[in-house]
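The values are calculated or read from the model by the stated rules, or taken from the named source; none is laboratory data. Just so we're clear, the structure is a prediction, and the values are computed from it rather than from any experiment. Cβ placement follows ideal geometry from the backbone for every residue including glycine, while neighbour counts extend to all protein chains displayed.
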């Protein structure tokens, strides 16, 4: 085990420093008096922000980047054959994976709320962090997105209270030590790493095995795969969900004209608080209930939690309005698997728009292959669907799957789908066919958010 406190005054080099989680960890290292350098494949907004603060960032992965470093921190997407990791091993420089560092940072916290699940982790952990702050507490927060109330994705606070997103990719969350473990859902993902759904579910069981004695497993009560790991682990279970069988459920649920939910939170048979969310979508009710239930495991009051959730404005890249061009509203959502895309489209359909354009950037070949049939109908509610080339991310093209196959399958399912391989192709098609009053929703966790920026730069944009 590497004790991060031993590196005060020394240099930690972060490979993939431009990632949302990696860049957020920089603040925790700087607060310990650690000198930080980093590298990344591409220049990005995160990299620019780090450079503006004086953090040296090298673009491109080269062996010499690690020379003089005392510790290497890398993300799960950085493979062992990366030239910097290979050089670190040759030189005997110790290495630490991102999630291991996060676990070290929260070690010893009296209350550590770790939010896991296939969907909704960033929004829910953001809700929890903001609610605890608004309740007068002083949490450390680390989430995989940017929240205005945090001025980013990280907050340095009292190390005794820690809120973190717990990602299951490469079993990263098995490095964390929760006292409150939230499982939002277990729908299946990352099949480049997990063999099947049973293997995926087992990872959540292993995660709950790390729950501190006396801790609480906060689970969606209607998701058997979310609830089953907690039951088999023998943990104290707190459930949230739609029905009265849950410890926390909504009563008098209504939606306004933009699909924003209003409801009372019922706990132990009593209407405990009223929430009026400022973000749209049926799934946001479950996220808010999970956040509320997790916060109730602290000394935060029901009224303070509910008031904060009602003010929650959402996380960047989660159904975020990026601009208006030619009278067309442009939104972006980080959703990158079919369930998340379907949920994002459902929110778009509740907005006031003449027609809805769903623009999909499929993410990783393994995900598209495993969830192929689900992709075919996840945007069916939209008026039009545009599909870009698959974002390879960490993978190599296997040659047996491509976006044209998706489009062909969508069309066979009655979806009005068109292949627009590049961002230039997509922008050109949109501009030739959109009309004032339309809504465009781009979706994906790759770089498709840059399409919104590209369109905005090529026309009058109103924010």
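How many of the residues in segment 221-238 are closer than 20 Å to residue 270 by Cα and out of contact with any strand residue (DSSP E or B) (no Cβ under 6 Å at 6 or more places or on another chain)?
Count: 0.
Any residue that is assigned to a helix (DSSP H, G or I) and at pLDDT 90 or above - is there at least one of those in segment 176-185? The answer is no; no qualifying residue exists. Taking segment 173-188 as the range and being in contact with a strand residue (DSSP E or B) (Cβ under 8 Å, 6 or more places away or on another chain) and either assigned by TED's automatic domain parsing to the domain that holds residue 336 or crowded, with 24+ Cβ neighbours inside 10 Å (or both) as the test, the residues that pass are 173, 176, 178, 180, 181, 182, 183, 184.
For the structure I just gave you, tell me whether residue 336 is closer than 25 Å to residue 19 by Cα and either in the same structural domain as residue 146 (by TED's automatic domain parsing) or not in a strand (DSSP E or B) (or both).
yes
Taking residue 122 as the residue in question, decide whether it is farther than 14 Å from residue 12 by Cα, touching a helix residue (DSSP H, G or I) at 6+ places or on another chain (Cβ under 9 Å), modelled with pLDDT under 95 and in a helix (DSSP H, G or I). Here the answer is yes, as residue 122 does meet what is asked. State yes or no: is residue 454 over 30 Å from residue 79 (Cα atoms), surrounded by fewer than 20 Cβ atoms within 10 Å (Cβ to Cβ) and within 27 Å of the chain's Cα centre (by Cα)? Yes, satisfied. If you filter segment 411-423 down to residues that are buried (at least 18 other Cβ atoms within 10 Å of the Cβ) and touching a helix residue (DSSP H, G or I) at 6+ places or on another chain (Cβ under 8 Å), you find that the one that is nearest to residue 356 (Cα to Cα) is 417. Of the residues screened, residue 435 is not one that is modelled with pLDDT of 90 or more, touching a strand residue (DSSP E or B) at 6+ places or on another chain (Cβ under 8 Å) and more than 27 Å from residue 325 (Cα to Cα). Among the residues of segment 336-370, those identified as over 25 Å from residue 394 (Cα atoms) and touching a helix residue (DSSP H, G or I) at 6+ places or on another chain (Cβ under 7 Å) are 343, 356, 357. Residue 323 meets each of the listed conditions (1) in contact with a helix residue (DSSP H, G or I) (Cβ under 9 Å, 6 or more places away or on another chain); (2) part of a helix (DSSP H, G or I); (3) farther than 30 Å from residue 137 by Cβ apart from (2). Taking the criterion of being outside any helix (DSSP H, G or I) and farther than 25 Å from residue 395 by Cα, the residues of segment 49-93 that qualify are 53, 54, 55, 56, 67, 68, 69, 70, 71, 92, 93. Restricting to segment 7-18, and then to whatever is without any contact (Cβ under 8 Å) to a residue 60 or more places away in the chain and in contact with a strand residue (DSSP E or B) (Cβ under 9 Å, 6 or more places away or on another chain), can you tell me which residue is surrounded by the fewest Cβ atoms within 10 Å (Cβ to Cβ)? If we take residues in segment 7-18 being without any contact (Cβ under 8 Å) to a residue 60 or more places away in the chain and in contact with a strand residue (DSSP E or B) (Cβ under 9 Å, 6 or more places away or on another chain), then 9 is surrounded by the fewest Cβ atoms within 10 Å (Cβ to Cβ). Can you tell me which residue within segment 297-316, out of those that are over 23 Å from the mean Cα position of the chain (by Cα) and without any contact (Cβ under 8 Å) to a residue 40 or more places away in the chain, is surrounded by the most Cβ atoms within 10 Å (Cβ to Cβ)? Out of the qualifying residues, it is 302.
In summary, residue 131 fulfils each of the numbered conditions (1) modelled with pLDDT of 95 or more; (2) crowded, with 21+ Cβ neighbours inside 10 Å; (3) in contact with a strand residue (DSSP E or B) (Cβ under 8 Å, 6 or more places away or on another chain) with the single exception of condition (3). Counting only strands (runs of 3 or more DSSP E) wholly contained in segment 362-446, the ones carrying 3 or more residues that are over 22 Å from the mean Cα position of the chain (by Cα) occupy 384-387, 417-419.
When both residues are 6+ apart or on different chains and their Cβ atoms are under 9 Å apart, which pairs have a first residue that lies in segment 351-363 and is under 14 Å from residue 319 (Cα atoms), and a second that is modelled with pLDDT of 90 or more and surrounded by fewer than 18 Cβ atoms within 10 Å (Cβ to Cβ)? Every condition considered, the pairs that remain are 356/381; 356/383; 357/383; 357/433; 358/381; 358/383.
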